[in-house]
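The values are calculated or read from the model by the stated rules, or taken from the named source; none is laboratory data. Predicted model, so just to flag it, every value in this text is computed and none were measured. Cβ placement follows ideal geometry from the backbone for every residue including glycine, while neighbour counts extend to all protein chains displayed. All accessible areas refer to the heavy atoms of the entire protein, side chains included, with ligands and DNA or RNA removed. Shrake-Rupley method; radii C 1.70, N 1.55, O 1.52, S 1.80 Å.
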Amino acid sequence: MRGYKRTGGKLLLAMGAVLLLTGCEGRVEQYGSVDTAMGTVVSQTLYVRGDREEAETETAAVMELLTRLEEQELSWRIEGSEVARINALSEEVAGERRTRGRESAAEDSMAVSVSSTMQQILQQIWQVSSDSGGALDVTLGRLSRLWNLDAVAMGTAEISVPTQEQIQAALEDTGYERVRISQGTLGLPPGMQLDLGAVGKGVACDRVGAYLRSRPQIAGAVVAVGGSVITYGQKPDGSPWKVAITHPRKEGSYLGILSLTGEHYVSTSGDYERYVMVDGVRYHHILDPATGVPARSGLCSVTVVCDSGLLADALSTACFVLGPEQGLALAERYGAQALLVEEDGTAHMTDGMEEMYTAAE
């Protein structure tokens, strides 16, 4: 499974978007680091006005920001995070109702308080869910745990393909349209479990972008959180940022390179990122909410570029589930640029993507 591996004490990246950077000149110092957070590799290259100590302080601050985001807000695994709290309350109420052995119409949903920040995140997600006809759905927590493909791909668990009965049972606790969000309150059916993995890395890039904008000493930066990337500012020589898109079927090769100027958010979703092969069938981590199984849309890779990390992440997932025609239409609806690659290598892209993308020879 390709994710990342440790060689000679260093982490070698193998993700949806790989960074190609040039050196720097003048008073601006270039500093790079590679670390892990949010269950993935975090690669930073900063161009800082100052010395190496200042640059190291900035990269450490970014890592602290990502750690707080995971531990306090987004993780469903870490007790005490907001998502974990929502899930725990949902499970607790569901258990109480099962114990009572009866339900009523008034018990169809429960109310959970959420922070203003979480409400804003969920409202953006729900908009994409609605616009995509449910191709993006973060209520699949029970289903994603049933498949457990992240752990399988990392080698910490064995694949056990769920039965149709198990899948159907998990799907009964899903459905974004069954959730209501308003005035600091989340209304959801007891037993429903949230999993923000489809947008978490994009949210992380948004937070990094806000931090970079608050630091005038940072002239430019490229930060990758797994397959989600933010480019910010500019390099000292004025040349564009170069972001290479990994080939979904040729390890170590690239489909092409994006040339970006200024602040952009890039997200790549693919069936090659976290997957296992069983009897010739590829089981990957992008689940289709309609079927409960890994999406079979004919696509193997989707890259989205836009002005929001959350949207780039959400749209790359939704477009992957929808397939070439509907996926391209969804990206265009949001004014995003997209590259969608079919399993046979056929590429589809928006007009704006054509201007920023150069195919590999």
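Assorted remarks:
- Compared with the dominant principal axis of the Cα atoms in the chain, helix 82-100 is inclined by about 10°.
- Averaged over its residues, segment 262-361 has an accessible area of 40 Å² per residue, based on protein heavy atoms and a 1.4 Å probe.
- Note on segment 172-322: with charges restricted to the Cβ of Lys and Arg (+1) and Asp and Glu (-1), its dipole about the Cα centre is near 400 debye.
- When +1 charges are put on Lys and Arg Cβ atoms and -1 charges on Asp and Glu Cβ atoms, the dipole computed for the chain relative to its Cα centre reaches about 460 debye.
- Residue-averaged 222 nm ellipticity for the chain, from DSSP H runs of 4+ at -39500 (n - 2.57), nearest 500: -10000 deg cm²/dmol
- Contact order normalised by residue count of segment 242-290, Cα under 8 Å, 6+ apart, percent: 25 percent
- Difference of contour (0.36 nm per residue) and Cα-Cα distance, Met277 to Asp131: 49.4 nm
- Carbon/sulfur fraction of accessible area - the chain, other protein chains in place, 1.4 Å, %: 46 percent
- Among Gly141, Gln119, Gly80 - extreme Cα towards positive end, dipole of segment 63-155, charges at beta-carbon: Gly141
- Surface/4 of the Cα convex hull for segment 217-361, nm²: 9.4 nm²
- The chain: angle of helix 309-322 to the longest principal axis, Cα-based, in degrees nearest 10: 60 degrees
- Contact order relative to length of segment 226-332, as percent, for alpha carbon pairs under 8 angstrom and 6 or more apart: 23 percent
- Counting every C-alpha pair in the chain, the share spaced more than 36 angstrom apart comes to 21%.
- For segment 289-346, the relative contact order works out to 42 percent when only alpha carbon pairs closer than 8 Å and six or more residues apart are counted.
- In the chain, a dipole from Cβ-located charges (positive for Lys and Arg, negative for Asp and Glu) runs towards its positive end, and of Gln30, Leu315, Ser182 it is Gln30 whose Cα lies farthest in that direction.
- Remark: segment 39-125 carries 53 Å² of accessible area per residue (probe radius 1.4 Å; ligands, DNA and RNA excluded).
- Calculated P(r) of segment 316-361 - Cα pairs past 11 Å, %: 65 percent
- Taken over segment 224-277, the percentage of Cα pairs per 5 Å bin, counting from 0 up to the bin with the maximum distance, is 4, 17, 25, 23, 15, 9, 5, 2, 1.
- Span from the segment 57-129 Cα centroid across to the segment 286-361 one, whole angstrom: 27 Å
- Taken about its Cα centre, segment 222-311 carries a charge dipole of roughly 180 debye when the Cβ of each Lys and Arg holds +1 and the Cβ of each Asp and Glu holds -1.
- Charge dipole (segment 187-312, unit charges on Cβ, about Cα centre) - positive-most of Gly209, Gly292, Tyr275: Gly209
- Rounded tilt (10° steps) of 200-213 against the dominant C-alpha axis of the chain: 40 degrees
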